[in-house]
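A short worksheet on the structure shown next.
The values are calculated or read from the model by the stated rules, or taken from the named source; none is laboratory data. Fair warning: this is a prediction, and the values are worked out from it, not measured in the lab. Neighbour counts are summed over all protein chains in view; Cβ atoms, including those assigned to glycine, are modelled from backbone coordinates with ideal geometry.
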Amino acid sequence: MKRKLRMGMVGGGQGAFIGNVHRMAANLDGQIELVAGCFSSKVENSKATGEALYLDPARIYTSYEEMAKTEAALPSGERIDFVSIVTPNFMHAPVATCFLKAGINVICDKPMTLTLAEAKKLRTVVKRSGKVFALTHNYTGYPMVKEARSLVSKGKLGKILKIVAEYPQDWLLSALEQEEQKQAAWRTDPKRAGASCCVGDIGTHAENLARYISGLEIDELCADFTTFVPGRQLEDDGNMLVHYKGGARGILYASQISSGEENGLNIRIYGTKASLEWHQEHPNELVVKYPDKPRQTLRRGNDYLSKAAKDYTRIPAGHPEAFLEAFANIYLAAAEAIRDELAGKYPRKKGYDFPGVDDGVEGMAFIETAVKSAQGKAKWVKMLKA
């Protein structure tokens with residue numbers, strides 16, 4: 001296919017944060033062009049956003065249902081190839097279902113749905129549709145995260161014994177939701193965010209990162225949720241002890257009230273032969289530590305890295321790559337699958353390196369298990385079936 005993929009977007013209107021991140025990431029490699037959108041439930045916001053992005057007024061829609069129906073009815077040479085969903089959580093499932101049933105591929109922000117039951121229903125829709133569904137757990141897009149995964153899969157760490165994943169922020173230290181701050185308002189509202197704020201929003205990234213790198217699944221966990229800001233409906237801090245299948249132990253911690261922390265996602269994985277450490281705020285380095293020799297610091301862009309890391313590196317060593325490039329790597333990998341789907345070759349046997357619908361269901365199982373543990377009397381709760 002010798003053309004750009006045509007992208008539509010639902011959500012991401014003026015005043016939103018993540019929509020513009022998606023647009024920049026999708027555009028980074030020159031393979032994707034935004035051509036249509038329903039950017040807000042408020043018609044004027046949607047129109048203003050589309051106009052600011054220089055879209056054809058006829059393809060700035062007033063509802064996602066209208067957008068899906070109209071785009072699906074266009075000739076194959078004109079309609080969108082996929083839609084990017086960047087709405088609050090409660091809209092993910094209905095929007096994704098609508099477009100999948102219209103025969104349109106989907107890239108969706110995380111967490112995938114509002115509930116685990118909803119996630120399972122969406123998985124069925126995805127499987128029946130035969131369409132591509134990608135989930136933007138964007139931190140898996142970093143080259144050095146892919147290098148960490150490669151080291152584990154090759155047995156360089158030995159048997160995994162312990163995982164420590166942390167995601168501290170401080171942006172919800174005050175009651176921003178009472179000050180009409182849009183991002184805080186929906187994330188702290190159970191009707192729009194779901195049963196969890198902090199763990200649902202960023203704790204899922206820590207869990208997904210640990211699972212992506214290690215390949216290990218949670219067997220059971222013990223969670224403690226706290227709401228520190230008075231009047232807030234959902235938790236702003238979560239701490240979990242984890243038992244992984246196979247015997248490894250873990251600690252997962254997510255917080256949005258940790259003073260002085262900006263976006264401190266990090267992970268340490270300890271094995272019988274070696275351990276590794278990666279920090280999202282310093283993403284171009286991966287530290288590998290040994291019990292009997294000096295530690296190594298592996299750096300992005302070098303020839304000694306795995307093919308998995310090098311395939312998602314754009315610029316030479318010493319030139320920093322970061323958040324937008326990692327996000328763009330999800331779009332880059334999903335674009336491969338979408339091109340295959342459009343050519344009638346999807347899925348390919350060797351698979352694709354982006355989070356999909358199964359990851360979304362696992363993420364919702366994690367959230368609901370953590371909520372169940374935090375709210376219940378049992379010390380340990382078995383991971384809900386994904």
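Residues checked against (1) among the hydrophobic types (A, V, I, L, M, F, W, C); (2) under 18 Å from residue 95 (Cα atoms); (3) without any contact (Cβ under 8 Å) to a residue 24 or more places away in the chain:
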{"position": "20", "(1), (2), (3)": "no, no, yes"}
{"position": "24", "(1), (2), (3)": "yes, no, no"}
{"position": "39", "(1), (2), (3)": "yes, yes, no"}
{"position": "43", "(1), (2), (3)": "yes, yes, yes"}
{"position": "49", "(1), (2), (3)": "no, no, no"}
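The residues on offer are 234, 216, 221, and the sole one that is in contact with a Ser or Thr (Cβ under 7 Å, 6 or more places away or on another chain) and part of a loop (DSSP other than H, G, I, E, B) is 234. With respect to residue 209, is the statement that it is in contact with a His (Cβ under 9 Å, 6 or more places away or on another chain), surrounded by fewer than 24 Cβ atoms within 10 Å (Cβ to Cβ) and either outside the structural domain of residue 262 (by TED's automatic domain parsing) or at pLDDT 95 or above (or both) true? Judged against the criteria, residue 209 is not a match.
Looking across segment 337-386 at every residue that is surrounded by 17 or more Cβ atoms within 10 Å (Cβ to Cβ) and among the acidic types (Asp, Glu), the one that is nearest to residue 115 (Cα to Cα) is identified as 368.
Suppose we filter 66, 71 for residues that are over 21 Å from residue 124 (Cα atoms) and surrounded by fewer than 17 Cβ atoms within 10 Å (Cβ to Cβ); which single one remains?
Values: 71 fails: surrounded by fewer than 17 Cβ atoms within 10 Å (Cβ to Cβ).
Being over 21 Å from residue 124 (Cα atoms) and surrounded by fewer than 17 Cβ atoms within 10 Å (Cβ to Cβ) holds for just one of 66, 71, which is 66.
Check segment 343-350 and report whether any residue there is assigned by TED's automatic domain parsing to the domain that holds residue 77 and either touching a residue at least 60 places away in the same chain (Cβ under 8 Å) or acidic (Asp, Glu) (or both). Scanning segment 343-350 turns up at least one residue that is assigned by TED's automatic domain parsing to the domain that holds residue 77 and either touching a residue at least 60 places away in the same chain (Cβ under 8 Å) or acidic (Asp, Glu) (or both). If you go through segment 192-213 and keep only what is touching a helix residue (DSSP H, G or I) at 6+ places or on another chain (Cβ under 8 Å), under 20 Å from residue 228 (Cα atoms) and of a type outside the set (Val, Ile, Thr), you end up with 193, 194, 195, 196, 197, 200, 201, 203. Just so you know, in segment 304-336 the residues that are buried (at least 16 other Cβ atoms within 10 Å of the Cβ) and acidic (Asp, Glu) include one that is farthest from residue 77 (Cα to Cα), and it is 321.
Okay, residues lined up against (1) within 29 Å of residue 344 (Cβ to Cβ); (2) surrounded by fewer than 17 Cβ atoms within 10 Å (Cβ to Cβ):
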{"position": "6", "(1), (2)": "yes, no"}
{"position": "21", "(1), (2)": "no, no"}
{"position": "29", "(1), (2)": "yes, yes"}
{"position": "46", "(1), (2)": "no, no"}
{"position": "49", "(1), (2)": "no, no"}
{"position": "57", "(1), (2)": "no, yes"}
{"position": "89", "(1), (2)": "no, no"}
{"position": "98", "(1), (2)": "yes, no"}
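With respect to the conditions (1) of a type in the set (Gly, Ala, Ser); (2) closer than 28 Å to residue 237 by Cα; (3) in contact with a strand residue (DSSP E or B) (Cβ under 7 Å, 6 or more places away or on another chain), residue 363 lacks only one, and its number is (3).
Could you pull out the residue among 196, 174, 153 that is within 17 Å of the chain's Cα centre (by Cα), of a type in the set (S, T, N, Q) and not assigned by TED's automatic domain parsing to the domain that holds residue 113?
Details: 174 fails: within 17 Å of the chain's Cα centre (by Cα); 153 fails: within 17 Å of the chain's Cα centre (by Cα).
Unique residue meeting the criteria: 196.
Filtering segment 8-17 to residues that are surrounded by 20 or more Cβ atoms within 10 Å (Cβ to Cβ) and either more than 15 Å from residue 109 (Cβ to Cβ) or of a type outside the set (Gly, Ala, Ser) (or both) leaves 9, 10. The residue list 48, 36, 16 contains one member that is part of a helix (DSSP H, G or I) and aliphatic (A, V, I, L, M), which is 48.
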